[in-house]
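Scroll down for the structure; my scribbles are underneath it.
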Amino acid sequence: MPSTEKRDTHHKALTLNLDASAFGSFAEIGAGQEVARWFLVVGGASGTVAKTISAYDKEVSDDLYGSGSRYVSRQRLEAMLDHEWSQLLTQLSKTRGPQTRFFSFVDTVSARNFAGTNEPHGWMGLRFQLQPGGPPNDVLLHINMLDPANVLQQEAIGILGVNLIYAAFYELQTKESFLEGVAQDVVKERIEIDYIDLRGPSFESWDHRILLAHLVSAGFADAVFFPSKGPAVPPTEAIYKKAVVLAPGYFGHVDAAHAQVHARLLASAIQELRNELGDAHSAPAGFFCLTAAPFAPNEPPPDIPGLLRRIDALLATGSDVLLFRQPELYHMTALVNRYTKAPLRFAAGLSLIIRGFDEAYGNLEGSRLEALGRLFAQNVRIYAYPMTAADLSEWLNTASASGWEWSDTNGWVSASQLRRAPPLGHLFAYLLASNFLVPMPVPAALTADA
């Protein structure tokens, strides 16, 4: 058993090579054989490496793992994992099975191409036994590579792969120790993990939703996706090439009545975008958006159980949820624009718009103007939903926001009736006149409820 001190990649690979009970195969496509290379260069590889393969040619890959799936996909990863595991056990279980904890490591990756025109990402998987002859356990990760050069991305893949194998064998004490072990030295700065799936008896007590939320709260991912129906997928697959509506908020009320109000607002925003696009375009995808960051300065970040309660209340309406690491809308714009060039619309109430407008954005060199430039960088608008005059007045007093005036119609205030004292008022008026802020009518259902 290795010591509990933090080990670098070299010592992790060497520790596994010197562990006579761990033995397995490596199959890597798309970023070299960087994981296997670590075990081959640190010494003692014959104690760990049964086989290493890299089926770069598509016909060769199809012959080994079957055709019909994208080459960088979960389907291809699982086909690789099944094939390599079956072959490993067929060839070695009789001779090594009684004393060996087998593993198969696989990845399929689209690293940065020569022209730099692709979105570098990939899938990484591990199947392993914790005891000789024991049942297998699976870890599946979706990753986004952040390094600017192909060779650096290959290097990062190598470190992450070694981390994963080492953590599976030696750092399964808790969810936190396992994820910290996987992330060591490479995640956050060089690689993002935005999806994880764990299967097998070693993970029976681990809540998959808590793991997803932890990826964001620990800074391992910019966002994760919670579907109202069907299995979870990376945000990439939920957003890819779609027109998108995001409804950000705190959503502190988890009762059914508030959830239905939120659902109506999101549905009306989706319909508004459908009207914009016309019948020739596919239906937009709509998401509620929460953040794992503190809601206000000097507040602690929300705990994961509290986040999941709010997420569950929104999922119960039949709508999907994205959980973001950072609260600013321009960060949400940046993430969505990584995966689609189609229109993006925010559905936001006046309180959220005022809060965002009054923020100083001291972390940006261009402060408020830079934040707005990033927010509206690519085919982005905000559908601004009205508030009752009473709610707006109460909220402004609570938020200590000053300089805002308004008129109302039948007790409701729209964005076009909201005014800010100069000089910021000029900027607010410009956003309205340029159609970056689109005042929306009161949904009929809310009028009926009033």
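The values are calculated or read from the model by the stated rules, or taken from the named source; none is laboratory data. The model shown is predicted, which means the values in this text are computed figures rather than measured ones. Cβ atoms come from the backbone with ideal geometry, glycine included; neighbour counts cover every protein chain shown. Protein only, heavy atoms only, side chains kept; ligands, DNA and RNA dropped before computing areas. Shrake-Rupley method; radii C 1.70, N 1.55, O 1.52, S 1.80 Å.
Below, the figures for the structure above:
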{"item": "Measure of compaction for region 359-422 (Cα Rg per 2.2 N^0.38 Å)", "result": "1.33"}
{"item": "For region 222-326, the fraction of alpha-carbon pairs in successive 5 Å shells from zero, as %", "result": "2, 12, 22, 23, 19, 13, 6, 2, 1, 0"}
{"item": "When each of 58/175; 51/341; 12/229; 188/242 is checked by Cα-Cα distance, pairs over 32 Å", "result": "58/175; 51/341; 12/229"}
{"item": "Scaled radius of gyration (Cα, divided by 2.2 N^0.38 Å) that region 250-299 gives", "result": "1.52"}
{"item": "Residue 253 - accessible surface, heavy atoms, 1.4 Å probe, Å² rounded to 10", "result": "110 Å²"}
{"item": "Descending semi-axes in whole angstrom, ellipsoid equivalent of the chain, from the Cα gyration tensor", "result": "48, 21, 20"}
{"item": "Radius of gyration, Dmax [region 310-450; alpha carbons; angstrom]", "result": "15.8, 46"}
{"item": "Residue among 85, 404, 206 with the largest mean-square fluctuation in a Gaussian network model of the chain, springs linking Cα atoms under 10 Å", "result": "404"}
{"item": "Ranked by how many other beta carbons lie within 10 Å on average, peptides 355-363, 241-249 from highest", "result": "241-249, 355-363"}
{"item": "Evaluated at q = 0.15, 0.26 Å⁻¹: base-10 log I(q)/I(0), Debye formula over Cα of region 100-150", "result": "-0.52, -0.91"}
{"item": "Rounded, prolate or oblate (a/c below 1.5 giving rounded, otherwise prolate when a/b exceeds b/c) for region 64-162 by Cα gyration tensor", "result": "prolate"}
{"item": "Degrees between helix 424-433 axis and first principal axis of the chain (Cα, 0 to 90, nearest 10)", "result": "80 degrees"}
{"item": "Region 129-243: proportion of alpha-carbon pairs further apart than 17 angstrom, %", "result": "57 percent"}
{"item": "Protein accessible area in region 133-202, 1.4 Å probe - carbon and sulfur %", "result": "53 percent"}
{"item": "Residues residue 18 and residue 257, FRET efficiency given R0 of 60 Å [Cβ-Cβ distance, rounded to 0.05]", "result": "0.45"}
{"item": "Percent accessible area from carbon and sulfur atoms, region 242-366, protein chains only, probe 1.4 Å", "result": "53 percent"}
{"item": "Solvent-accessible area per residue, Å², over the chain with all protein chains present [probe radius 1.4 Å]", "result": "44 Å²"}
{"item": "Estimated FRET transfer efficiency when R0 is 30 angstrom, pair residue 378-residue 130 (beta carbons, to 0.05)", "result": "0.05"}
{"item": "Residue-averaged [θ]222 nm for the chain, counting only DSSP H segments that reach four residues, each worth -39500 (n - 2.57)", "result": "-12500 deg cm²/dmol"}
{"item": "GNM flexibility winner over the chain from 410, 337, 144 (Cα, springs under 10 Å)", "result": "410"}
